[in-house]
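The values are calculated or read from the model by the stated rules, or taken from the named source; none is laboratory data. Everything quoted here is computed from the prediction, not taken from an experiment. Here the Cβ positions follow ideal geometry from the backbone for every residue, glycine too, while neighbour counts run over all protein chains shown.
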Amino acid sequence: MIWSTNFSDRLSGWNSLRQKAESLPIEQALGLINQWWFTSPWRAYHLHWDDQAEWPDPWELLSDNLYCDVARGLGIVYTITLLNREDLDDAVLVLTNEAYNLVQVCKSKYILNWEPETIVNNNLDYRPNRMLTQGQLRSKYNL
């Protein structure tokens, strides 16, 4: 996928992504989501954990079209959160002490936002520093 510069096209692409991911096996769904967000235009800094209260909702994130590691991870968690899948109901965005912004899913069995083509099967050794859960996002944005 080539990342669209048009918000309407990005929104449509995100909707298609979620529809596809709804019916795929877990690993394929997570791989597709991870890969899709890695096509977003990267920039070094956009969101910061200290400003978490002001982070954009899913639609603002797509509209802003600025994706640092935090924003990309947030997009991944939003995508998973809006799926109608109980088997993916525990995604967490984690800032590690090593300054990685990772997405843990299925009780940390899968790690996303690490590499474009890969969902890591929990062989990473890291310590969480800050976390944002699906429950927090649902409460804040009524998702």
## Note on the structure
Phe7 meets each of (1) over 19 Å from Pro116 (Cβ atoms); (2) in contact with an Asp or Glu (Cβ under 9 Å, 6 or more places away or on another chain) with one exception, condition (2)
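Anything in the range 48-78 that is of a type in the set (A, V, I, L, M) and either modelled with pLDDT of 95 or more or closer than 17 Å to Leu143 by Cα (or both)? List them, or say none.
Of the range 48-78, the ones of a type in the set (A, V, I, L, M) are 53, 61-62, 66, 70-71, 74, 76-77.
Within the range 48-78, Ala53, Leu61, Leu62, Val70, Ala71, Leu74, Ile76, Val77 qualify.
Is it true that some residue in the range 102-122 is at pLDDT 90 or above, in contact with a strand residue (DSSP E or B) (Cβ under 8 Å, 6 or more places away or on another chain), in a loop (DSSP other than H, G, I, E, B) and surrounded by fewer than 20 Cβ atoms within 10 Å (Cβ to Cβ)?
Taking the range 102-122 and keeping what is at pLDDT 90 or above, we get 102-106, 110-113.
Then drop every residue that is not in contact with a strand residue (DSSP E or B) (Cβ under 8 Å, 6 or more places away or on another chain), which leaves 102-105, 110-113.
Next cut, in a loop (DSSP other than H, G, I, E, B) only: none.
No: the range 102-122 contains no residue that is at pLDDT 90 or above, in contact with a strand residue (DSSP E or B) (Cβ under 8 Å, 6 or more places away or on another chain), in a loop (DSSP other than H, G, I, E, B) and surrounded by fewer than 20 Cβ atoms within 10 Å (Cβ to Cβ).
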### Query
Taking only pairs six or more apart or across chains, which ones have beta-carbon atoms under 7 Å, a first residue in the range 88-111 that is more than 11 Å from Arg130 (Cα to Cα), and a second residue that is among the acidic types (Asp, Glu)?
Val105/Asp90; Cys106/Asp90; Lys107/Asp90
### Query
Would a scan of the range 84-97 turn up a residue that is crowded, with 21+ Cβ neighbours inside 10 Å and basic (Lys, Arg)?
no
### Message
Would you confirm whether or not the range 79-91 contains a residue that is closer than 23 Å to Arg43 by Cβ and at pLDDT below 85?
### Response
no
### Query
Out of Trp37, Trp59, Trp49, which single residue is in contact (Cβ under 8 Å) with a residue 60 or more places away in the chain, surrounded by fewer than 15 Cβ atoms within 10 Å (Cβ to Cβ) and not charged (D, E, K, R)?
Trp49
